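Participant: Sharing a structure with you now.
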Amino acid sequence: MANQGVHSFLDASTGLLENADMKILTALANDVDVRGPRVLAHEYGWWVNVSTDLFKEILAECRKLGLSEKFERIYRYAHENGCWWINLDADAEMLDLG
């Protein structure tokens, strides 16, 4: 089996986010009872898990948490491109997501 255990991730700039998104992602990274996407903080941003099975439910939860339309576009783009994770990094590329 070629590429067994190899999965894609999206590398996107934190500059695509609203300030409120950054606060929410930080809170989610510290939340043991995650209701939205699984978030792991790192020195320059966050890793966000992209659920394939619960995609619609996670998006609905993101809206309830107050994550922006910008975040939703990033999350959808990652999902549509088969990514399992999003690396939101200060030094990553500023993607044109419309």
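Participant: When the gyration tensor of the chain is built from Cα positions, what are the square roots of 5 times its three eigenvalues, in whole Å, from largest to smallest?
Facilitator: Rounded to whole Å, the semi-axes are 19, 16, 14.
Participant: Using the Cβ atoms and a cut-off under 15 Å, what net charge is assigned to the surroundings of Asp91, where Lys and Arg are +1 and Asp and Glu are -1?
Facilitator: Numbers: positive: none; negative: Asp11, Glu43, Asp89, Glu93.
Local net charge: -4.
Participant: Let me ask you something else. Remind me, relative contact order of the chain in percent, using alpha carbon pairs under 8 angstrom and six or more residues apart?
Facilitator: 45
Participant: Now a separate question. Per DSSP helix of 4 or more residues, -39500 (n - 2.57); summed, then divided by the residues of the chain. What does that give at 222 nm, rounded to the nearest 500?
Facilitator: Result for the chain: -10500 deg cm²/dmol, rounded to the nearest 500.
Participant: Near Glu72, within a Cβ-to-Cβ distance under 13 Å, what is the net charge of the other residues, with Lys and Arg +1 and Asp and Glu -1?
Facilitator: The answer is +1.
Participant: Between Lys23 and Asp96, what FRET efficiency follows from the Cβ-Cβ distance if R0 is 30 Å, with the result rounded to 0.05?
Facilitator: 0.75
Participant: Kindly list the residues of segment 64-83 that lie in the label zone of Asp53, defined by a backbone N under 19 Å from the point 7 Å along the Cα-to-C-beta vector.
Facilitator: 79-80, 82-83
Participant: Calculate, axis by axis, the spread of Cα positions in segment 1-40 along the three principal axes, and write the results as whole Å, longest axis first.
Facilitator: 42, 27, 12
Where a number appears in this text, it was derived from the coordinates with a stated rule and is not lab data. This is a predicted model, so every value here is computed, not measured. Ideal geometry is used to build each Cβ from the backbone, glycine not excepted, and the neighbour counts take in all protein chains shown.
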